[in-house]
Amino acid sequence: MGKVFICDHPLIQHKLAYIRDEKTITKDFRELVDEVATLMAYEITRDIPLTDAQVTTPVTTANCRMISGRMLGLIPILRAGLGMVDGILKLVPAAKVGHIGLYRDPETLQPVEYYVKLPTDVQERELIVIDPMLATGGSANAAIELLKRRGCSSMKLMCLIAAPEGIKAVQNAHPEIDIYVAAIDDFLNDHGYIVPGLGDAGDRLFGTK
Ligand code: URA
């Protein structure tokens, strides 16, 4: 079973409190999400493999360690996922970014793809799927399924806030996936909002409400 990592660093938790606050304006909300994404990127990349490397310093040679293995790919789920991309890229600027857009069919309530653009070598990359609000888990599961259909085998899921329902849904559908969250909230309300949550992450990021 994949693990759930709660990124409980004090800086992440402090910034998350401001992110949740209804009084936080769009500009600050966006900056705070960006900062938390950078801090979470530090945690999610903790197990990247290293290889020995010799570097010539001005004094002598140093036995160092450098990142090896698969290159990273970031896969934000539109639109709220976009808010975390730049913050992660600050730490891993060589990562490529693919986008997945999904909407919920009003009849079937199933997620439907409306936009998919992935790096050509996506199958060879270690992927971070970004879904800031893991509510029912429907979008995250659909995105992970799509990536698996395209031959991707190595993925982690990064969320800002998750509902227990969303975590359970991802664990049931994709038991091997590790999930990184800044917080696990109480429940989903009848409107599909995470409680206490932060409201609609897309609207708050882009000032559309
Ligand atoms: N998406 C959001 O943006 N917020 C929620 O609370 C749930 C899903």
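Could you state, as a whole-number percent, how many of the C-alpha pairs of the chain are farther apart than 27 Å? Counting pairs separated by more than 27 Å, the tail of P(r) holds 30 percent.
Taking θ as phi - 60° and the Karplus parameters 6.51, -1.76 and 1.60, the scalar couplings of the stretch 187-204 work out to 6, 9, 8, 5, 9, x, 8, 6, 10, x, x, 8, x, 8, 4, x, 4, 6 Hz in sequence order, x denoting glycine and proline. Here's the picture: charge each Lys and Arg Cβ at +1 and each Asp and Glu Cβ at -1 in the stretch 1-122, and of Ile100, Tyr18, Ile67 the one pushed furthest to the positive end of that dipole is Ile67. Amide H contacts of Ile128: Gly73, Leu74, Ile75, Lys156, each under 5 Å away and 5 or more positions distant or on a separate chain (H built 1.01 Å from N in the peptide plane; Pro and chain starts excluded). Mind giving me the FRET efficiency for Gln123 and Glu22? R0 is 45 Å, r the Cβ-Cβ distance, nearest 0.05 is fine. Step by step, r from the Cβ atoms, then E = 0.60.
Taken as entire DSSP H runs, the helices of the chain that both span 24 Å or more between Cα atoms along their own long axis and average -1.0 or more on the Kyte-Doolittle scale are 26-44. Distance between Cα centroids, the stretch 19-51 to the stretch 128-201: provide it in whole Å. The stretch 19-51 and the stretch 128-201 have Cα centres spaced 16 Å from each other. For Val116, the residues 5 or more places off, or on other chains, whose built amide H falls under 5 Å of its own are Gly101. Judged by the mean number of other Cβ atoms found within 10 Å, the most tightly packed of the peptides 75-87, 104-116, 4-16 leads the ranking 75-87, 4-16, 104-116. Report note on the peptides 34-46, 57-69: ranked by the mean count of other C-beta atoms within 10 Å, highest first, their order is 34-46, 57-69. Dipole magnitude for the chain: computed about the Cα centre from +1 point charges on Lys and Arg Cβ and -1 point charges on Asp and Glu Cβ, it is near 480 debye. Note on His14 and Asn63: the model spin-label points, each 7 Å out from Cα along the C-beta direction, lie 3.8 nm apart. Placing +1 on each Lys and Arg Cβ and -1 on each Asp and Glu Cβ, with no other charges, gives the stretch 89-209 a dipole about its Cα centre of roughly 440 debye. Across Asp21, Asp190, Asp178, mean-square fluctuation computed from a Gaussian network of the chain (C-alpha pairs under 10 Å connected) peaks at Asp190. Where Lys and Arg each count +1 and Asp and Glu each count -1, what net charge lies around Leu205 among other residues with Cβ under 15 Å from its Cβ? Value of the local net charge: -3. Per residue, the stretch 73-209 exposes 44 Å² of accessible surface when a 1.4 Å probe is rolled over the protein heavy atoms with every protein chain present.
The values are calculated or read from the model by the stated rules, or taken from the named source; none is laboratory data. Just so you know, these numbers come straight off a predicted model, no measurement behind them. In this analysis, Cβ positions are derived from the backbone assuming ideal geometry, glycine residues included, and neighbour counts consider all displayed protein chains. Just so you know, the surface numbers come from the protein's heavy atoms only, side chains and all, with ligands and any DNA or RNA stripped out. Shrake-Rupley method; radii C 1.70, N 1.55, O 1.52, S 1.80 Å.
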